[in-house]
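The structure under discussion appears below in the form of structure tokens.
The values are calculated or read from the model by the stated rules, or taken from the named source; none is laboratory data. This one's a predicted model, so the numbers in the text were calculated from it and none came from an experiment. So basically every Cβ, Gly included, is an ideal-geometry build from the backbone, and we count neighbours across all protein chains shown. Each accessible area value is taken on the protein alone, full model and side chains, heavy atoms only, with ligands, DNA and RNA left out. Shrake-Rupley method; radii C 1.70, N 1.55, O 1.52, S 1.80 Å.
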Amino acid sequence: MIENKRQKMDENEIRITVEAHPNIALIKYWGKKSETEMTPLNDSISLAIDIFHAKTTLTARRVEEGEESVDTVSINGREITLNTRFNRVFKSVRDRLDSSWSFSISSSTNFPVAAGLASSAAGFAAIAFALGKAFDLSQTDIERLARYGSGSASRSGLPGLVQWKKGDEKEESSVLSHFPSSHWPDLRLVILVVKDEEKSISSKEGMERTARTSELLQDRIRRNPARIQGIIDSFASRDFSTLAELTMRDSNEFHAVCLDSYPPIQYLNTTSWSIINLVHSFNKESVRAAYTFDAGPNACIFTLKEYMDEFVSLVHSSFSIGDSIEKELRSVHISTLGDGPKVVE
């Protein structure tokens, strides 16, 4: 629940533009403990992708007495029907203000939406950050707003290696940045876009099905604390080999749990499996790359600066790349680690 800390605003209209990055989870969350508070069944930990961003303009307008508050959202030029996630975010802010406001959101992304590249994380992180700046909300409130929109969006609200803690009866779910993005300047991300269209089973639907039907899920949750600590320790010491193995094992286990759901959920396709095999072949002599796949066929590869050119060259020689449907990969993107949201206008 957003803290009931009311404030008076002098402006009748506020406009602010922010940018936020999507994040890629090294240890993923899958399944909610509470749908009401949008809290996860397990902790997760992630890094932001600097090359991708959602640029979001918030226009907040004070509504005259007797006038109805009407909110609008457009993404990449297309107005969308507001779902419960948007409505909850806007209502949570309105409920704490002395006067009524309407909110208009115009967002554009430089990467595909709903294709397993954490577009909702970047989008809701940007919306929450903009609302926080516009109405002087606390960092805790901004985290909650982002989480109400999309659970993983709370991780896009901070820089560097970010852990989303599930919380418990004594401690609210929260996010924590363990290290800034500058801690490991040689770490690189290579994003391989296999498909850029919307996936057939949304993350929300997939999580609900897995939580309801998978017998393997509890085993994954049991291993979660040790894997989270392993990522923190290996990132601290820049131990790429350990970081890579933990990341790949968690990705594999995540998709195994999806397949263990009933009916099974298949997010990976044949090209995804070819990427997995390519990475293991690349690592035959020593561990130089790590794959991870969110809820979709697109791959995020972690590697080091010294190996990046060799790996990217291998990708180009192994896959056909282009916009046409017969190509195996749509595009290849190289990125450094990203930071948290920022005001740009």
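Identify, please: which residue in region 213-222 is in contact (Cβ under 8 Å) with a residue 12 or more places away in the chain and not hydroxyl-bearing (Ser, Thr, Tyr) and is, among those, surrounded by the fewest Cβ atoms within 10 Å (Cβ to Cβ)?
The first filter runs over region 213-222 and keeps only residues in contact (Cβ under 8 Å) with a residue 12 or more places away in the chain, leaving 213-217, 220-221.
Checking which are not hydroxyl-bearing (Ser, Thr, Tyr) leaves us with 215-217, 220-221.
On the way: 215: 10, 216: 15, 217: 20, 220: 22, 221: 18.
Only one residue fits best here, namely 215.
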Region 168-193: number of residues that are open to solvent by 30 Å² or more (accessible area, probe 1.4 Å) and assigned to a helix (DSSP H, G or I): 2
Residues located in region 311-345, provided they are touching a helix residue (DSSP H, G or I) at 6+ places or on another chain (Cβ under 8 Å) and part of a helix (DSSP H, G or I): 311, 314, 315, 318
Where a residue in region 327-342 is within 25 Å of residue 197 (Cα to Cα) and in contact (Cβ under 8 Å) with a residue 40 or more places away in the chain and its partner, wherever it lies, is surrounded by fewer than 19 Cβ atoms within 10 Å (Cβ to Cβ) and of a type in the set (Phe, Trp, Tyr), with Cβ under 9 Å and at least six apart: 328/319; 329/319; 332/319
Test: residue in region 112-129 that is without any contact (Cβ under 8 Å) to a residue 40 or more places away in the chain, surrounded by fewer than 19 Cβ atoms within 10 Å (Cβ to Cβ) and not in a loop (DSSP other than H, G, I, E, B): no
Those residues of region 257-285 which are open to solvent by 40 Å² or more (accessible area, probe 1.4 Å) and either touching a His at 6+ places or on another chain (Cβ under 7 Å) or part of a helix (DSSP H, G or I) (or both), in sequence order: 259, 260, 270, 273, 274, 277, 280, 281
Selected residue (criterion: farthest from the chain's Cα centre (by Cα)) from residues of region 296-311 that are closer than 18 Å to residue 281 by Cβ and open to solvent by 20 Å² or more (accessible area, probe 1.4 Å): 310
Close pairs (7 angstrom Cβ cut-off, 6 or more residues apart or separate chains): within 12 Å of residue 210 (Cβ to Cβ) in region 241-266, surrounded by fewer than 21 Cβ atoms within 10 Å (Cβ to Cβ) and modelled with pLDDT under 95 anywhere: 265/201
Matching strands (runs of 3 or more DSSP E) fully within region 32-110 where at least 1 residues are among the hydrophobic types (A, V, I, L, M, F, W, C): 44-49, 54-62, 72-75, 101-109
Selection from region 286-295 of residues that are of a type outside the set (A, V, I, L, M) and either open to solvent by less than 50 Å² (accessible area, probe 1.4 Å) or within 22 Å of the chain's Cα centre (by Cα) (or both): 288, 291, 292, 293, 294
Check on residue 302, more than 30 Å from residue 127 (Cα to Cα), among the aromatic types (Phe, Trp, Tyr) and in contact with a strand residue (DSSP E or B) (Cβ under 9 Å, 6 or more places away or on another chain): no
Candidates 239, 196 - the one that is open to solvent by 40 Å² or more (accessible area, probe 1.4 Å) and more than 21 Å from the chain's Cα centre (by Cα): 239
